[in-house]
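Heads up: the structure comes next, in structure tokens.
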Amino acid sequence: MYSKVLVPIMGKFNECLAEHTIDLINGRDVSLTALYVIDDSVPFLTPRNIKEAMISELKKRGKSCLDDFEKIMNLSENKNITFKKTLAKGKPAEEIVRIAKEECTDVIVMGTGKSIVDKHLLGSVSEEVVHFSPCTILLVRTIESKTCEIPD
């Protein structure tokens, strides 16, 4: 059913996203793209050197998060997964949708779980992706106070 899977990650909840992704894949041969988006939006008057330093740090963090996610996916045991890491820069929701379209993704597995206050003040990447996605989306509830254990 799903042969191309996109998993946008942010570092937090990688284990939970990996668990749900592996469950969804269910042993089928798939091409999985792990995506980390560097949000390069900063206030208008931010000095160039500050912006460049922020982007550089976020790039390092992104590479580290992608490496961690690759380890969590345990590819030596999950040989049915062809794994690719992608680092993009821009507005997270727009980049997720763009890459899903470019790669003809069948399903996006992504986390959601901002508090109501955060959602109203900051908006929701997952909500925007839901509205513009070219494919099916599995939203994984990822709130720190909840567990991500999947019942048997």
Which of ASN14, ASN78, ASN49 fluctuates most in a GNM of the chain (C-alpha springs under 10 Å)? That residue is ASN49
Computed for the range 9-83: size of charge dipole around the Cα centre, +1 on C-beta of each Lys and Arg, -1 on C-beta of each Asp and Glu, debye to nearest 20, value 300
The chain, Gaussian network, Cα under 10 Å: of GLU95, GLU19, GLU52, the residue fluctuating most is GLU52
Length gained, LEU139-PHE44, 0.36 nm per residue minus C-alpha separation, equals 31.0 nm
In nm², the average projected area of the convex hull spanned by the Cα atoms of the chain is 9.9
With x for Gly and Pro, the residue-by-residue ³J(HN,Hα) of the range 70-80, computed from phi through the Karplus equation 6.51 cos²θ - 1.76 cosθ + 1.60 at θ = phi - 60° and given in whole Hz, is 4, 5, 4, 5, 6, 5, 5, 8, 9, 5, 6
Amide H contacts under 5 Å for SER31, restricted to residues at least 5 apart in sequence or on another chain and with H modeled in the peptide plane, are LYS4, VAL5, THR82
Farthest towards the positive end of the dipole of the chain, among LEU139, ALA18, ALA100 and with Cβ unit charges of +1 on Lys and Arg and -1 on Asp and Glu, lies the Cα of ALA100
For ILE9, other-chain or 5+-apart residues with amide H closer than 5 Å (H placed, Pro excluded) are LEU35, TYR36, VAL37
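If the only charges are +1 at each Lys and Arg Cβ and -1 at each Asp and Glu Cβ, what is the size of the charge dipole of the range 4-141 around the Cα centre, to the nearest 20 debye?
300
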Under the Karplus relation with 6.51, -1.76 and 1.60 and θ = phi - 60°, whole-Hz ³J(HN,Hα) for the range 16-22, x at Gly and Pro, equal 5, 5, 5, 4, 5, 5, 4
Ordering 99-109, 34-44 by per-residue average of other C-beta atoms within 10 angstrom, highest first, gives 99-109, 34-44
The chain, Gaussian network, Cα under 10 Å: of LEU45, LEU138, LEU24, the residue fluctuating most is LEU45
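The numbers here are math on the coordinates, done by the rules we state, and not lab data. Everything quoted here is computed from the prediction, not taken from an experiment. Heads up, the Cβs are rebuilt from the backbone with ideal geometry, glycines too, and the neighbour counts pull from every protein chain shown.
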